[in-house]
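First up is the structure itself, then whatever we jot down about it.
The values are calculated or read from the model by the stated rules, or taken from the named source; none is laboratory data. In this text the structure is predicted, and so the values were computed from the model without any measurement. Heads up, the Cβs are rebuilt from the backbone with ideal geometry, glycines too, and the neighbour counts pull from every protein chain shown.
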Amino acid sequence: MNQTPSPIAPAIHAISAQLPAPCWTTQELLEASENRFSDKLQGMLARLGVNSRHSVLANYPDVIFKGAEPELAISGSVLATQAAREAIEKAGIDPGEIGLVLGVTSSPSRLLPSLVCDLFVHMPELRRDTANLSIEYMGCSAIAKAVDTARWFLTCQPDKYVLAVFMDAITPLSPPLHETYAHFSELSSPEERQQTVNAMHSILFGDASVAMLLSSHA
């Protein structure tokens, strides 16, 4: 007889989001660019639908536009820890009930150790024998992999919780913008188009962390 249990559908028991304090509006970044962008490109960037973005850097505009040395306001791992602790508090559970911790990022602060290792360093309340897994460099599709991983774990351990912590700090990876940049319709070469993509990258993305506690029951 086949005794394999049917996979359960994980339920979100609690969720928390944390943003770094430094924040700039799109208009503030465009003003800091000191006319590096053509009028047409500025118009497009202003209509992207992103009104503001947060950064783990205290001096983000000076870093990308003036080549200043980055000043870290908060590390990505500390931001992730804040999100994780708030999710646990919201759920009202004992951290010892967590059976699996997932550290999910496409922009780790460093290659090794991983984000999930940093979480265990910052969170002594987690049992040292708790299973853990690092999910990296999957972009937006990482949420699907995290939920699928939680599904199989909770199918085998339905009385446990899965703590999935997502963190991305994109702004420290943004390329410096020292040239002038134009709208795609104003360009002719692939190199110029890539420069505009770099400019959009620096204006569009921000930093944040989200933590979810998943369980086998609602």
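Pick from I88, I143: which is in contact (Cβ under 8 Å) with a residue 60 or more places away in the chain and assigned to a helix (DSSP H, G or I)?
Every option except I88 fails the conditions.
Can you tell me which of A32, A84 is modelled with pLDDT of 95 or more and within 18 Å of F166 (Cβ to Cβ)?
Selected residue: A84, the only one of A32, A84 that is modelled with pLDDT of 95 or more and within 18 Å of F166 (Cβ to Cβ).
Could you tell me whether S216 is surrounded by 15 or more Cβ atoms within 10 Å (Cβ to Cβ) and of a type in the set (G, A, S)?
For S216, the condition - surrounded by 15 or more Cβ atoms within 10 Å (Cβ to Cβ) and of a type in the set (G, A, S) - is met.
Look through R193, R128, R151, R110 and report the one residue that is among the basic types (K, R) and closer than 20 Å to L45 by Cβ.
From the options R193, R128, R151, R110, the qualifying one is R193.
Quick check on my filter: what residues within the range 105-123 are under 13 Å from S75 (Cα atoms) and small (G, A, S)?
If the condition is that a residue be under 13 Å from S75 (Cα atoms) and small (G, A, S), then S107, S109 are the ones that fit.
Considering only the range 1-72, give the strands (runs of 3 or more DSSP E) lying wholly within it that have at least 3 residues that are touching a helix residue (DSSP H, G or I) at 6+ places or on another chain (Cβ under 7 Å) and surrounded by 17 or more Cβ atoms within 10 Å (Cβ to Cβ).
11-18
If the Cβ limit is 8 Å and pairs must be 6+ apart or interchain, which residue in the range 21-39 that is under 25 Å from S75 (Cα atoms) pairs with which residue that is surrounded by fewer than 12 Cβ atoms within 10 Å (Cβ to Cβ)?
T25/N51; T26/L48; T26/N51
Could you grab me the full set of residues in the range 198-215 that are at pLDDT 95 or above and out of contact with any Phe, Trp or Tyr (no Cβ under 6 Å at 6 or more places or on another chain)?
Answer for the range 198-215, where residues must be at pLDDT 95 or above and out of contact with any Phe, Trp or Tyr (no Cβ under 6 Å at 6 or more places or on another chain): G206, D207, A208, S209, A211, M212, L214.
Kindly indicate the residue of the range 44-66 that is at pLDDT 95 or above and small (G, A, S) and also farthest from L187 (Cα to Cα) among those meeting that condition.
A58
Going residue by residue through the range 94-101, is there one that turns out to be surrounded by fewer than 16 Cβ atoms within 10 Å (Cβ to Cβ), outside any helix (DSSP H, G or I) and free of Cβ contacts under 8 Å to residues at least 40 places away in the same chain?
Looking through the range 94-101, at least one residue is surrounded by fewer than 16 Cβ atoms within 10 Å (Cβ to Cβ), outside any helix (DSSP H, G or I) and free of Cβ contacts under 8 Å to residues at least 40 places away in the same chain.
Could you tell me whether L112 is surrounded by 21 or more Cβ atoms within 10 Å (Cβ to Cβ), under 20 Å from L133 (Cα atoms) and either of a type outside the set (D, E, K, R) or at pLDDT 95 or above (or both)?
Judged against the criteria, L112 is not a match.
Each row is one residue, and each column tells you yes or no for (1) surrounded by 16 or more Cβ atoms within 10 Å (Cβ to Cβ); (2) part of a helix (DSSP H, G or I); (3) among the acidic types (D, E); (4) touching a Cys at 6+ places or on another chain (Cβ under 7 Å).
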residue: R127; (1), (2), (3), (4): no, no, no, no
residue: S134; (1), (2), (3), (4): yes, no, no, no
residue: L163; (1), (2), (3), (4): yes, no, no, no
residue: S185; (1), (2), (3), (4): no, yes, no, no
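What pairs can you find where one residue is in the range 62-76 and closer than 13 Å to S33 by Cβ, the other is part of a helix (DSSP H, G or I) and among the hydroxyl-bearing types (S, T, Y), and their Cβ atoms are less than 9 Å apart, with a gap of 6+ or different chains?
V63/T171; I64/T171; I64/S202; F65/S202
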